[in-house]
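Participant: The structure's right below; bear with me while I get my questions together.
What follows draws every value from the coordinates through simple rules; no lab data is involved. Being a predicted model, the structure only gives us computed values, none of them experimental. No Cβ is skipped: glycine too gets one built from the backbone with ideal geometry, and neighbour counts run over all protein chains shown.
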Amino acid sequence: MKSKTAVKPSNAKFKTVEEYLSSQPGDIVILLEELREAIRDSAPGAEEVISYNMPAFKLNGMLVWYAAFKEHIGFYPRVSAIEAFQKELSQYKQAKGSVQFPINQPLPLQLVRKIVKFRIIENSEK
């Protein structure tokens, strides 16, 4: 069976989340929509935007970003959230302010919801 592979056109400049999603293969769109829905459910009232040419959510400032790559879905909840959830995120590859969810594994949607709620509190305390 062929593995899933996301495509992020290097020269594309997206104006909407729908444009971004339509640039991805169908199986990757399913993963992105699952992540999008988990974020949306956890942050009612958040605005969906394109920021840094990837889908993002804003509520009292930027909350989180996400994007598809060849082998993973990148999730960008800021450094503070990565540090706060270090133990739960330890099984995933990370960089400063980001985590990589492999596309061949189920997304940790409950953890994503917890992180988004953490970020909402963090933004409301600014």
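Participant: Lys/Arg Cβ at +1, Asp/Glu Cβ at -1, dipole of the chain taken about the Cα centre: which of VAL99, VAL64, THR16 is farthest positive-ward?
Facilitator: Result: VAL99.
Participant: While we're here: Please get the size of the charge dipole for the chain, origin at its Cα centre, with Cβ charges of +1 on Lys and Arg and -1 on Asp and Glu, quoted in debye to the nearest 20.
Facilitator: Taking the Cα centre of the chain as origin, the dipole is about 320 debye.
Participant: How high is the FRET efficiency from ASN60 to ASN104, r the C-beta distance, R0 41 Å, rounded to 0.05?
Facilitator: Plugging the Cβ-Cβ distance into 1/(1 + (r/R0)^6) gives 0.70.
Participant: Given a Förster radius of 25 Å and the C-beta distance between GLN86 and ILE121 as r, what FRET efficiency does 1/(1 + (r/R0)^6) yield to the nearest 0.05?
Facilitator: For R0 = 25 Å, the calculated efficiency reads 0.90.
Participant: Share of Cα-Cα pairs in the range 17-121 beyond 16 Å, in percent?
Facilitator: 52
Participant: Could you calculate the FRET efficiency of GLU33 with ARG113 from 1/(1 + (r/R0)^6), where r is the beta carbon distance between them and R0 is 22 Å, rounded to 0.05?
Facilitator: The calculated FRET efficiency here is 0.90.
Participant: On to the next question. Ranking ARG113, ARG119 by Cβ neighbours within 10 Å, fewest first, what do you get?
Facilitator: ARG113, ARG119
Participant: Karplus couplings for the range 60-73 from phi (6.51 cos²θ - 1.76 cosθ + 1.60, θ = phi - 60°), rounded to Hz, Gly and Pro as x?
Facilitator: 6, x, 5, 9, 8, 10, 8, 7, 9, 10, 4, 10, 8, 9
Participant: Moving to a separate point now. Just to confirm a number: summing +1 for Lys and Arg and -1 for Asp and Glu over residues other than ASN123 whose beta-carbon lies under 10 angstrom from that of ASN123, what do you get?
Facilitator: +2
Participant: Which whole-Hz ³J(HN,Hα) couplings does the range 109-126 yield from phi under the Karplus relation 6.51 cos²θ - 1.76 cosθ + 1.60, θ = phi - 60°, glycine and proline marked x?
Facilitator: Each residue's phi maps through the Karplus curve to give 5, 5, 5, 4, 4, 4, 5, 4, 4, 4, 5, 4, 4, 4, 5, 6, 8, 5 Hz.
Participant: Using θ = phi - 60° and the Karplus relation 6.51 cos²θ - 1.76 cosθ + 1.60, list the HN-Hα couplings for the range 88-105 in order, rounded to whole Hz, with x at every Gly or Pro.
Facilitator: Ordered by residue, 3J(HN,Hα) equals 5, 8, 4, 7, 10, 5, 9, 9, 4, x, 9, 9, 10, 9, x, 6, 9, 10 Hz.
Participant: Hey, another quick one. Take GLU34, GLU18 and order them by how many other Cβ atoms sit within 10 Å, fewest up front.
Facilitator: If I rank by nearby Cβ atoms, fewest first, I get GLU18, GLU34.
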